[in-house]
């Protein structure tokens, strides 16, 4: 089972239909003794019964590892967002410069994310760097939104993001959400369609002016904002599944950085979608 998150999609934890589970299905090839290369040692046996016993791994990922790494990455996002909000003015005389810095930070964050995605191992420096630059972008955008639209919009988006996270986590733990191949395929198809429409809207906006095809304003903007939040919630469910499998089947501890990276990207997605949605609902699209 693969995550929609590009970090997990490349090197995610997997659970195939045949019951084989592990950090990467390719690592199971040629091993006739175990369904998961981290779960058991085919040569370790119980001295009394002669049955195979599970190997004790001292460097396996735990839920505490995921929580601490996620706290670090999200903390970096929040810290740099606050600093950007305070240090980069969004008054009419300086807003152009602030927007330029925000766009540049977003591009740097995207490059760092792509580099990490295609690396063979997680690099904490790249992940923290991504979080820092992403925070600068969010800080400027949030400050501008709060200044020129409504001071309550940012608070609403933050609280909304927290509520979505808590609701999806609760639903996942209660098994109301079941991540299957069909669920994964539906989410991926919907996400690709959503992104293609947003890219088309952006291109029409750049060359035609205004909001392009109107997908990010008015009634259509509200509809696509809700769809974006729902997709973000689905991404969270997929990410929770990957984290659960990684902990259960003994992924290396360093992979907790990738879990934190993926969760951070998904939460940023949800926040931006909610910020845009509340902006439209406030009457200024």
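Quick note: the coordinates plus some simple rules give every number you see, no bench work behind them. All values derive from a computational prediction rather than experimental measurement. Here the Cβ is made from the backbone with ideal geometry for all residues, glycine too, and neighbour counts use every protein chain on show.
Some notes on this structure:
- Pairs of alpha carbons in segment 146-285 whose separation is greater than 28 Å (percent): 26
- Taking 244, 255 and counting other C-beta atoms within 10 Å, the order from fewest to most: 244, 255
- The label point for residue 230 and the one for residue 148, both projected 7 Å from the Cα toward the Cβ, are 3.1 nm apart.
- Modelled spin labels at residue 93 and residue 71, positioned 7 Å past Cα toward Cβ, are 4.3 nm from each other.
- Added length on full extension, which subtracts the Cα-Cα distance from 0.36 nm per residue, residue 174 to residue 107: 20.3 nm
- One chain, two ends: residue 123 and residue 79. Fully extended at 0.36 nm per residue, the span grows by 13.8 nm beyond their Cα-Cα distance.
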